[in-house]
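Let me begin by presenting the structure, written as structure tokens, before commenting on it.
The values are calculated or read from the model by the stated rules, or taken from the named source; none is laboratory data. Remember, predicted model here, so these are calculated numbers, not experimental data. A quick note on method: Cβ atoms are made from the backbone with ideal geometry, for glycine too, and the neighbour counts reach across all protein chains shown. When the accessible area is computed, the model is the full protein with side chains, heavy atoms only, and any ligands, DNA or RNA have been set aside. Shrake-Rupley method; radii C 1.70, N 1.55, O 1.52, S 1.80 Å.
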Amino acid sequence: MKTPIEGGCACGAVRYRCDSEPVTMFLCHCRDCQRASGGPFVAAVLLRREDFEFVKGTPRYHATPSTSGGMHVRGFCPECGSRLTGAEKDTPTPFIGVTASSLDDPSGFRPRMHSFASRAQPWDRMDDDLPKYETYPPRPGRA
């Protein structure tokens with residue numbers, strides 16, 4: 001994927017930029033992502049938080065309980081409602097996820113895994129060549 005990575009909402013009120021390559025790209029099949037997207041999964045790009053910034057507008061956030069026991073916070077445009085980001089609340093993580101659909105150029109999206117494969121709907125056809133994790137995949141940078 002080419003850098004800088006740029007994207008935003010459907011109406012243009014919120015824009016973001018990241019100057020580093022993605023940490024990973026994945027398809028999340030958890031029920032929270034299914035409900036938030038209205039589809040069988042969310043295609044997401046994991047980015048380094050230190051290289052990520054909102055360059056226009058301020059997202060609104062909504063938190064829901066996560067499988068890890070904490071809260072998962074989704075960022076969306078307060079004007080048009082487009083979902084933009086997702087991250088664990090109150091968890092010191094150096095990463096932030098952005099939805100592939102919010103990228104200016106989503107053609108570079110190449111999923112590397114399925115997370116929450118155990119929650120995938122029976123009619124959801126997963127790519128058999130990608131690793132499937134029952135819940136969360138191993139965290140990047142950890143053995």
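Going residue by residue through the range 117-130, is there one that turns out to be modelled with pLDDT under 95, under 17 Å from the mean Cα position of the chain (by Cα), within 21 Å of GLY38 (Cα to Cα) and part of a loop (DSSP other than H, G, I, E, B)? No, the range 117-130 contains no residue that is modelled with pLDDT under 95, under 17 Å from the mean Cα position of the chain (by Cα), within 21 Å of GLY38 (Cα to Cα) and part of a loop (DSSP other than H, G, I, E, B). Residue check: SER107 meets all listed conditions (1) open to solvent by less than 80 Å² (accessible area, probe 1.4 Å); (2) not in a helix (DSSP H, G or I) but one, namely (2).
Among the residues of the range 87-96, not a single one is surrounded by 13 or more Cβ atoms within 10 Å (Cβ to Cβ) and either farther than 17 Å from TYR136 by Cα or modelled with pLDDT of 95 or more (or both).
Taking (1) more than 12 Å from the chain's Cα centre (by Cα); (2) modelled with pLDDT of 95 or more in turn, ARG31 satisfies each apart from (2).
Let's see how each residue does on (1) touching a Phe, Trp or Tyr at 6+ places or on another chain (Cβ under 9 Å); (2) under 25 Å from LYS2 (Cα atoms); (3) of a type in the set (Phe, Trp, Tyr); (4) crowded, with 21+ Cβ neighbours inside 10 Å:
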site	(1), (2), (3), (4)
ASP19	yes, yes, no, no
PHE41	yes, yes, yes, yes
VAL55	yes, yes, no, no
ARG60	yes, no, no, no
CYS77	no, yes, no, yes
CYS80	no, no, no, no
THR99	no, yes, no, yes
HIS114	yes, yes, no, yes
